[in-house]
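Structure, as structure tokens:
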């Protein structure tokens, strides 16, 4: 099973699309590893600099409809290759969300007001998310703040994460 | 017979039901798995690594090289090579390589591979196009594609649908593209996430299959899993040449297909009534497909390139409409214009009926069928700061080339814009 604990990269924007996560011109790569340098290359977001801001982080917290657009699984792969296995958002595009769980990664939706609160309390500070998968709890902390937030994923999503993805799961069952 | 009133998607899901792994999740069997050279090679490589390089049914796998065709460099050549070798190894019959290839969502319906009631996946978000035939067709990622190839199944949330009833009458110069752009503008890029958009109403009833495909193609731009139109006589007429041996007459085929028509009283999460009587030609103005306004409110927007093509608007009807506007006229000196017929059949018919010559005489570059420019891969990439009037489906920042700006519009608006060098309503250029 993958690691779902680590430092947070905050992306304060809704509708971040898959072209922003990994531009189409890199879809000619046939290994996941080759995608690593290009994560979020085309994201235009005040104060965000892909080169400096990605390193050392392993959880993304963002707003609504993350991963909209193309079906490219290169988006989760580019995240995975940079050590991100968990995205927490107020909403996801369907295909992106499914791709994450299909890879044994997690895309967890929280209520908008909870995401607002996390941004208010933590954005701009070094923030850590510790995930207790079995209890379905995120412990979110900064130097001067901490909060435990319970989350919900379906039994199916949970099984995909445990199995390490949809291929392993489906091969056993169908 | 179940007594519950069902939507089209619910009927298709019930028909294909395999498993319920979790309360709201359904695993369904697939009638077709479509593959192209961008998202399939990684699935093939993974299957090989796992020692599971098999396909569930060679007759249900349809393969095309379309995204970058001809190959533009060594990497895209390798993607094509991997796909070709895989097709040969598994003796997959329906493979469309260069010369016979077209944009996936244009060529697969054209070959008769899509039928009402089908469940289809492809590693391509615009797979929702095929819902025009009353099928459930969804774009998926590479892992879903991989399991589809191997097992012929896919998991989805239990389908919920939005009913979009399109009524009124379209003005001359206003097309399916304007309708779907306006709808996305209304409900937003997130307006149909995790749901199916079921299109109905008189305007849809009167649409040709080409127009319904344009409508369903962009459902994903509102977040929808699939767009879907109920199968009717128009569907049967389109498919008749492929199915005539299976049915004694068209009525019989229609009766069979109507099993997948929605029940009166089916549950929808939303019902949207959209009267298009006063709709004007629409265009996008930002980096999201829901940033839409009438062409008349755009002011002077200069363009550098015009692109007519893609799975949204590269079909014969689209080319005919654009050609009727540019015929006998020259494109502006300030623009370059590219037209890409979406399939060889469309290309060939466009030669026969003279519209390729119309395009060339007006100053258009005519390219082979490929997805190329739409996603900034080849055949019309923009330079930094350039602006494109495009009949494609996505205006994301950088999509057609880093630093480029894309305005989405109908083929008619794109053609009129080619003549003036700025975004222009086609009503000023009625057919000559």
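Each reported figure results from applying straightforward, stated rules to the coordinates on display, with no laboratory input. The model shown is predicted, which means the values in this text are computed figures rather than measured ones. Using ideal geometry, Cβ is built from the backbone for each residue, glycine included, and neighbour counts are taken over all protein chains shown.
Given a Förster distance of 30 angstrom, what is the FRET efficiency for residue A:12 paired with residue A:155, based on the Cβ-Cβ distance and rounded to 0.05?
Taking R0 as 30 Å, the efficiency between residue A:12 and residue A:155 is 0.40.
Averaged over peptide B:67-76, how many Cβ atoms belonging to another chain are found within 10 Å of each residue's Cβ?
Counting other chains' Cβ atoms within 10 Å and averaging over B:67-76 gives 2.
Diagonalise the Cα gyration tensor of segment A:1-125 and give the resulting equivalent ellipsoid semi-axes, square root of 5 times each eigenvalue, largest first, whole Å.
21, 16, 14
Set the Förster radius R0 to 22 Å, insert the Cβ-Cβ distance between residue B:186 and residue B:258 as r into 1/(1 + (r/R0)^6), and round the FRET efficiency to 0.05.
0.15
So in segment B:8-273, what percent of DSSP beta bridges are antiparallel if you round to the nearest 5?
Percentage antiparallel, nearest 5: 25.
What order do you get for B:16, B:130, B:36 when you list them from fewest to most C-beta neighbours inside 10 Å?
B:16, B:36, B:130
Project the alpha carbons of chain B onto their principal axes and report the range along each, largest first, in whole Å.
Sorted from largest, the Cα extents of chain B read 59, 52, 42 Å.
At a 10 angstrom cut-off on C-beta neighbours, averaged per residue, how do the peptides B:164-171, B:214-221 rank from highest to lowest?
Ranking, from highest mean packing down: B:214-221, B:164-171.
Only residues of segment B:104-119 count here: report those whose backbone N is under 19 Å from the spot 7 Å along Cα→Cβ of residue B:249, or say none.
none
Which of the peptides B:134-141, B:152-159 is most tightly packed, and how do the rest follow, going by the mean number of other Cβ atoms within 10 Å of each residue?
Most protected by this proxy first, the peptides run B:134-141, B:152-159.
Just want the ordering: B:351, A:149, from fewest to most Cβ atoms lying within 10 Å of their own Cβ.
B:351, A:149
Calculate log10 I(q)/I(0) of segment A:82-157 for q = 0.17, 0.28 Å⁻¹, where I(q) comes from the Debye formula with a single equal point scatterer on each Cα and nothing for solvent.
-0.69, -1.49
How many angstrom lie between the Cα centre of segment A:121-174 and the Cα centre of segment B:1-35?
29
Given R₀ = 35 Å, FRET efficiency for residue B:296-residue A:50 by Cβ-Cβ distance, to 0.05?
It comes to 0.35.
Considering the zone a paramagnetic label at residue A:113 would reach in this model (a point 7 Å from Cα along the Cα-to-Cβ line), which residues of segment A:141-163 have amide N under 11 Å from it?
none
Quickly work out the residue B:268-to-residue B:72 label distance, labels modelled 7 Å from Cα along the C-beta direction, and quote it in nm with one decimal.
My value for the distance between the label points is 4.0 nm.
Extending each Cα 7 Å along its Cβ direction at residue B:430 and residue A:123, get the distance between those two points in nm, one decimal.
Result: 5.3 nm between the two label points.
Points 7 angstrom from Cα along the Cβ direction at residue A:134 and residue B:158: gap in nanometres?
For the pair residue A:134/residue B:158, the computed spacing is 3.0 nm.
Please give the calculated 222 nm ellipticity per residue for the protein assembly as shown, where each DSSP H segment of at least 4 residues contributes -39500 (n - 2.57) and the sum is spread over every residue; nearest 500 deg cm²/dmol?
My calculation for the protein assembly as shown gives -8500 deg cm²/dmol from helical runs alone.
Report the residue, chosen from A:141, A:90, A:150, that carries the largest GNM mean-square fluctuation when chain A is represented by alpha-carbon nodes joined by springs under 10 Å.
Residue with maximal mean-square fluctuation among A:141, A:90, A:150: A:150.
Most mobile of A:37, A:23, A:76 per a Gaussian network model of chain A (Cα springs, under 10 Å)?
A:37
For a label point 7 Å from the Cα of residue A:146 along Cα→C-beta, name the residues of segment A:1-27 whose backbone N is under 17 Å from it.
A:5-8, by backbone N distance to the label point.
Taking a cut-off of 28 Å, what percent of all Cα-Cα pairs in segment B:285-428 are separated by more than that?
That tail contains 9 percent of the Cα-Cα pairs.
Would you tell me the mean number of C-beta atoms belonging to other protein chains that fall within 10 Å of each C-beta in B:216-229, as a whole number?
2
Ranking B:124, A:157 by Cβ neighbours within 10 Å, fewest first, what do you get?
The fewest-first ordering by Cβ neighbours comes to A:157, B:124.
Averaged across A:13-21, how many Cβ atoms of other chains sit within 10 Å of each residue's Cβ atom?
Mean inter-chain Cβ contacts per residue within 10 Å come to 4.
Over 10 Å intervals from 0, what percent of Cα-Cα pairs in the protein assembly as shown sits in each interval?
3, 18, 28, 28, 17, 5, 1, 0
Among DSSP beta bridges whose residues both lie in the protein assembly as shown, state the antiparallel percentage, nearest 5.
If we restrict to bridges inside the protein assembly as shown, about 30 percent are antiparallel.
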